[in-house]
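These notes concern the structure reproduced below.
The values are calculated or read from the model by the stated rules, or taken from the named source; none is laboratory data. Just so it is clear, the structure is predicted and the values come from calculations on it, not from any experiment. Cβ placement follows ideal geometry from the backbone for every residue including glycine, while neighbour counts extend to all protein chains displayed.
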Amino acid sequence: MRPIIVAAAATILLTACQTTPQSTSQTSLIASAGLKPTKGNKTIGEATFEQSGDKVKVAIFVQGLKAGQEHGLHIHDKGDCSSGDGMSAGGHFNPFGKPHGNPGGSVRHAGDLPSLKANKDGRANIQVEMDMISVTPGPGSIVGRAVIVHADPDDFKTQPTGNAGARLACGVITLN
């Protein structure tokens, strides 16, 4: 009797293993970045990016900002936060060669995100759907790049940075 039970158990396990890839291929891809302060700053946070069709749902929470102030927020080209000032992350992520612009418009860097507006406690968050970026492989992929929180508001005009000032926090985007 035992060989039959063992054979039945093996068949069940093999069948389960064969169906696993189908179920995981339907789950959405999620990437995230823990935002850590640059030297001399206290800004920290968390960013989450979830692929949803041809758009990415972006959710970012930040604290340690100047109360009531607006702060520029961008995805930068390099996933490198090793320098004390965040400059190792390079410039804005711009795979399509567009000028810097308002994240609500069609002419902008892929990495141009809406600004953060800090509340009276120095906390801010955004939840927005963005096009031009993806969590999946391809030219718009943000995996392996960096999220930067800036000290000043983004004017959405000055090229190529939006005049958003110093980099307060940096986090590398990794696939979960």
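Looking at the stretch 124-149 only, could you name the residues that are surrounded by fewer than 19 Cβ atoms within 10 Å (Cβ to Cβ), under 19 Å from I44 (Cα atoms) and in contact with a Leu (Cβ under 7 Å, 6 or more places away or on another chain)?
I126
How many residues are surrounded by fewer than 15 Cβ atoms within 10 Å (Cβ to Cβ), of a type in the set (A, V, I, L, M) and modelled with pLDDT of 50 or more when one looks only at the stretch 14-45?
Residues that pass the stated criteria total 1.
Pairs needed: first member in the stretch 52-78, touching a residue at least 24 places away in the same chain (Cβ under 8 Å) and at positive phi; second member anywhere, in a loop (DSSP other than H, G, I, E, B) and crowded, with 18+ Cβ neighbours inside 10 Å; C-beta distance under 9 Å; at least 6 residues apart or different chains.
G64/N41; G64/T43; G68/A118
Within the stretch 150-165, count every residue that is exposed (fewer than 15 other Cβ atoms within 10 Å of the Cβ) and either touching an Asp or Glu at 6+ places or on another chain (Cβ under 7 Å) or closer than 27 Å to Q51 by Cβ (or both).
Residues flagged as exposed (fewer than 15 other Cβ atoms within 10 Å of the Cβ) and either touching an Asp or Glu at 6+ places or on another chain (Cβ under 7 Å) or closer than 27 Å to Q51 by Cβ (or both) within the stretch 150-165 amount to 2.
Please tell me if D152 is among the charged types (D, E, K, R), under 16 Å from N41 (Cα atoms) and at pLDDT 95 or above.
yes
Being closer than 23 Å to S134 by Cβ, over 19 Å from the mean Cα position of the chain (by Cα) and surrounded by fewer than 22 Cβ atoms within 10 Å (Cβ to Cβ) narrows it down to one of K98, K57, so name that one.
Exactly one residue qualifies, and that residue is K98.
Does F93 count as within 17 Å of the chain's Cα centre (by Cα), closer than 18 Å to G162 by Cβ and of a type in the set (F, W, Y)?
For F93, the condition - within 17 Å of the chain's Cα centre (by Cα), closer than 18 Å to G162 by Cβ and of a type in the set (F, W, Y) - is met.
So which residues in the stretch 154-176 are of a type in the set (S, T, Y) and farther than 17 Å from G105 by Cβ, if there are any at all?
Within the stretch 154-176, just T174 meets the criteria.
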